[in-house]
Each structure stands twice: as structure tokens, then as C-alpha cells.
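The values are calculated or read from the model by the stated rules, or taken from the named source; none is laboratory data. For clarity, every value in this text was computed on a predicted model and none was experimentally measured. Here the Cβ positions follow ideal geometry from the backbone for every residue, glycine too, while neighbour counts run over all protein chains shown. Please note that ligands, DNA and RNA were not included when accessible areas were found on the heavy atoms of the full protein model with its side chains. Shrake-Rupley method; radii C 1.70, N 1.55, O 1.52, S 1.80 Å.
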Amino acid sequence: MMNGTAGKKVVDVAFKAGKSIDWDGMAKLLVSDEARKEFATLRRAFDEVNISLQTKFSQEPEPIDWEYYRKGIGSRLVDMYKEAYDSVEVPKFVDTVTPQYKPKFEALLVELKEAEETSLKESERLEKEIAEVQELKKKISTMTADEYFEKHPEVKKKFDDEIRNDYWGY
């Protein structure tokens with residue numbers, strides 16, 4: 001059982017987390033139908049937990065009207081229950097898990113950022129290569145050897161070396 005302040009903190013954190021998640025942005029990155037289904041399931045589960053946290057822990061419990069029970073049951077029995085109720089101490093939650101995993105998570109975020117940068121660079125390189133191949137495909141039927149060698153000097157050098165060394169491929 002949580003006290004009211006801790007419950008409100010949990011609700012505040014959950015509410016802020018829900019607001020800061022870019023669900024639509026993440027959904028746009030998904031490519032397969034299975035990934036979309038899993039993502040929708042995750043979002044539904046997150047929303048259900050968030051709603052449950054907001055309703056369950058955001059409300060203060062109703063205070064017990066001890067006088068009402070004293071009148072109906074008798075003060076001796078009610079005082080005994082009140083004393084037992086007041087003696088109950090709810091242990092304070094101590095989070096020992098987050099400190100262990102936070103550095104690992106942050107390291108993964110750094111690794112993710114590096115992988116993203118590498119991926120973007122590779123995508124850029126591949127886009128250029130695709131554009132070159134498409135351009136070459138358009139021109140291939142009318143391109144001369146000199147035009148090809150101009151764009152690919154390493155191939156011209158290889159041919160020149162083979163001719164100079166009298167190597168004709170057989």
C-alpha cells in the first residue's frame with residue numbers, strides 16, 4: 001500500500017512519461033504489419049497502466065470516521081481497531097532497480113545514437129550510389145568508352161596496365 005504523496009508522484013511520472021512519448025512518430029517508423037500490431041498492443045498496455053495509475057493512486061483514501069463506529073459498536077472494540085490501524089506502518093518503497101539499469105539504459109541510448117548516425121551515413125551513400133546507377137542505366141546505350149573511363153578512372157588504369165603488360169585475358 002502506498003501513501004498519498006508517493007501515489008501522486010507515481011501518477012505524475014506516469015502522466016509526464018505518457019505526454020513525452022511520441023507515439024505517432026514511432027508508429028511512422030514501423031514497416032511490417034506484425035511490428036504495427038505489437039506496437040499497438042504496447043501502446044494499449046501503456047495507456048491501460050497509465051489510466052489505472054491515475055485513477056487508483058491519485059485519490060486520497062477516505063478517512064475513517066471512528067466516532068460513527070464508536071456509536072454503533074462501542075468504544076472499546078473500536079479503540080482496539082483504531083490502535084491496531086494506527087500502529088500499521090507502511091514501508092517506504094526504495095527503488096533499488098533503477099540505479100542498476102539506468103547506466104545500462106543510457107549506454108544503450110548512446111549506442112543507439114551512434115548506430116543511427118552510421119545508418120544515416122550509409123543510407124546517404126546508398127542513395128548516391130542508386131542515383132549514379134540509375135544515371136548510368138539511362139546513358140549506357142549511348143555512352144562511349146571514354147565517357148565511362150572519365151567517371152571510372154580506376155577501370156581505365158586497369159585496362160591501360162593490362163594493355164601495357166600485354167595481358168589480354170587469356
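Can you bin the stretch 79-167 into rounded, prolate or oblate? Criterion: square roots of the alpha carbon gyration tensor eigenvalues sorted a ≥ b ≥ c, rounded for a/c under 1.5, prolate for a/b above b/c, oblate for the rest. Prolate, because a/c is 1.5 or more and a/b exceeds b/c.
If 70, 44 are ordered by their accessible area, calculated over protein heavy atoms with a 1.4 Å probe, which sequence runs from highest to lowest?
Numbers: 70 55, 44 130 Å².
Greatest to least solvent exposure: 44, 70.
By a 1.4 Å probe calculation restricted to protein chains, residue 150 has an accessible surface near 150 Å², given to the nearest 10. Computed from label points 7 Å out along Cα-Cβ, the spacing between residue 131 and residue 48 is 4.8 nm. When all protein chains stay in place and ligands, DNA and RNA are ignored, the 1.4 Å accessible-area order of 105, 93, 46, 159, largest first, is 93, 105, 159, 46. Against the empirical 2.2 N^0.38 Å (N residues), the stretch 96-144 has a Cα radius of gyration ratio of 2.18.
Quick check: net charge around residue 43, other residues with Cβ under 13 Å of its Cβ, Lys/Arg +1 and Asp/Glu -1? Spell out each step's value before the answer.
Details: positive: 36, 37, 44; negative: 22, 24, 38, 47, 48.
Every neighbour counted, the sum reads -2.
For residue 26, the solvent-accessible surface computed with a 1.4 Å probe is close to 80 Å², ligands and nucleic acids excluded. Computing FRET efficiency as 1/(1 + (r/R0)^6) for residue 29 and residue 83, where r is the C-beta to C-beta distance and R0 is 41 Å, gives about 0.10.
Here the translational diffusion coefficient of the stretch 39-80 follows from Stokes-Einstein with Rh set to the Kirkwood radius across Cα pairs; for 10 °C and 1.306 mPa s it amounts to 118 µm²/s.
Ligands, DNA and RNA excluded, the heavy atoms of residue 110 present near 80 Å² of accessible surface to a 1.4 Å solvent probe. For the residues 140, 64, a 1.4 Å probe over the protein chains yields an accessible-area ranking, largest first, of 140, 64. Remark on residue 30: its backbone amide H falls under 5 Å from none of the residues 5 or more positions apart or on other chains, H modelled at 1.01 Å from N.
Here the stretch 21-170 exposes an accessible surface that is 58 percent carbon and sulfur, computed with a 1.4 Å probe and the other protein chains kept in place.
Could you state, as a whole-number percent, how many of the C-alpha pairs of the chain are farther apart than 30 Å? Above the 30 Å cut-off, the chain has 60 percent of its Cα pairs. Relative to one another, the C-alpha centroids of the stretch 117-170 and the stretch 35-110 are positioned 67 Å apart.
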